[in-house]
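Worksheet: one structure, shown below.
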Amino acid sequence: MIDRLKFWLAFLREPQRWSMAGLAIVFGTVALILADGFIEQIFVDFREAIVRSNLGHFQVRPVDTGHAAGEGSAETAPPLVALRPAIEQALAGFPGTVVAARLSFVGLASHGERTVSFVGEGVEPLREQTLSSQLVVDRGHSLEAADGRSLLVGEGLARNLGVDVGDLVTLLVTTGAGGVNAIEAPVVGIFHTSTKAWDDRALRLPLPLAQALLREEAISTLVGLLPQSSLTDAAVAALRAALTGAGVEVLAWRDLADFYNKTVRLFSSQLALVRAVIVAIVLLSVSNTLARNVMERTTEIGTMMALGRTRAAVARLFVGEGLALGLVCGVVGVALGWVLATAISGVGIPMPPPPGMARGFIARIAFTPGIATVALLFAVITAVIASLLPALRASRLNIVDALRVGR
């Protein structure tokens, strides 16, 4: 075993034989860490932005009803109100969870001669300050409990209406009973989130004001924010078990984030292409280097077989050399990748606004044990696969011809 290990590590004594292959493995490992970390951090930031600005980690709402008031919510809302204590009890194992009631509806907003459609949400101001921590108020202030008659308007909607903080906006809606009602309220703040399409249509107002506007004591959704996103599946499972037969559905944030899911699929496919290119480069480089190594050591291989080494043993020796090369260079690549990821994240990468967003952002690179493990396995497995053909070629050499090489 010691002799075999010495053979595997023999390449360290002759850097001219392995330098190109080693550099290719290190480059591939670093490139994979940076690509994976960049995409992973984008996913994390995007997820937290949509969760903590609008969706929450989970939502509880009546089954088979429209998400907006005026579509049967008056009949199904009382069970939601009655279920709130049961929901909070089911989440007792998740301390720090915030559950807020919302009343969603649609209507027309008017200011001066401009009238546009909107999507409104009646919210509980104090709870929403925690739940919607990444809903950024650019001008004015957030809704407060003392603001009995006030509006918080998305920046796109405010631009379309031509309103600013302090302006009066008239809201016109159809009530659940089929009538029409309107209110006039001042704008106390203008906000933006990570989703431009929502900012272009959304406004918020205190829940009692929304209920008065719709002329019904109703809530359409209970939205929850957990201490950590990783607890989502466990919390949703606990809620579904506790609310079985209650006539409501419990949805995780990923069930509602269609744009996020499409973005993940798009970026994942692009990352798969990057990985394929990196694998191809490393495979060709390592395979070429090891093949040249076999040619240069033909006499040594012939001598080993003449001394009794089997062809299988020779093949295993060269595969082991590829394994050692991949492991050593993979560890170096992971260490270098960690250094670069940390340095780049410390500086940040200014990014332009992606599709669906109005603002750019500062990108960073995540470095996690999972990313490091995948990169190291990539280096080892790729080096082993690249060594198979040279190892097979070495094992098939004719002993007599091999011993004659160079004479």
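Condition check ((1) at pLDDT 90 or above; (2) among the basic types (Lys, Arg); (3) closer than 21 Å to SER104 by Cα) across all residues:
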position	(1), (2), (3)
ARG127	yes, yes, yes
VAL137	yes, no, yes
HIS141	yes, no, no
GLU144	no, no, yes
GLY148	no, no, yes
LEU151	yes, no, yes
GLY156	yes, no, yes
GLY166	yes, no, no
ALA177	no, no, yes
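Here are GLY70, GLY120, GLY66, GLY93: which of them is modelled with pLDDT under 90 and crowded, with 20+ Cβ neighbours inside 10 Å?
GLY70
Find the strands (runs of 3 or more DSSP E) located wholly in the range 74-160 whose residues include 1 or more that are closer than 25 Å to ALA212 by Cα and touching an Asp or Glu at 6+ places or on another chain (Cβ under 7 Å), and list them.
In the range 74-160, 98-111, 151-154 are the strands (runs of 3 or more DSSP E) which contain 1 or more residues that are closer than 25 Å to ALA212 by Cα and touching an Asp or Glu at 6+ places or on another chain (Cβ under 7 Å).
Note down all Cβ pairs under 6 Å where the first residue falls in the range 102-122 and is in contact (Cβ under 8 Å) with a residue 40 or more places away in the chain, the second is of a type in the set (Phe, Trp, Tyr) and open to solvent by 10 Å² or more (accessible area, probe 1.4 Å), and they're at least six residues apart or on different chains.
Listed pairs, sorted by first residue: none to list.
Using the structure shown, decide if PRO352 is open to solvent by 60 Å² or more (accessible area, probe 1.4 Å) and modelled with pLDDT under 85.
yes
The values are calculated or read from the model by the stated rules, or taken from the named source; none is laboratory data. Predicted model, so just to flag it, every value in this text is computed and none were measured. FYI the Cβ positions are ideal-geometry reconstructions off the backbone, even for glycines, and counts take in every protein chain you see. Surface accessibility is based on the protein's heavy atoms, side chains included, excluding ligands, DNA and RNA. Shrake-Rupley method; radii C 1.70, N 1.55, O 1.52, S 1.80 Å.
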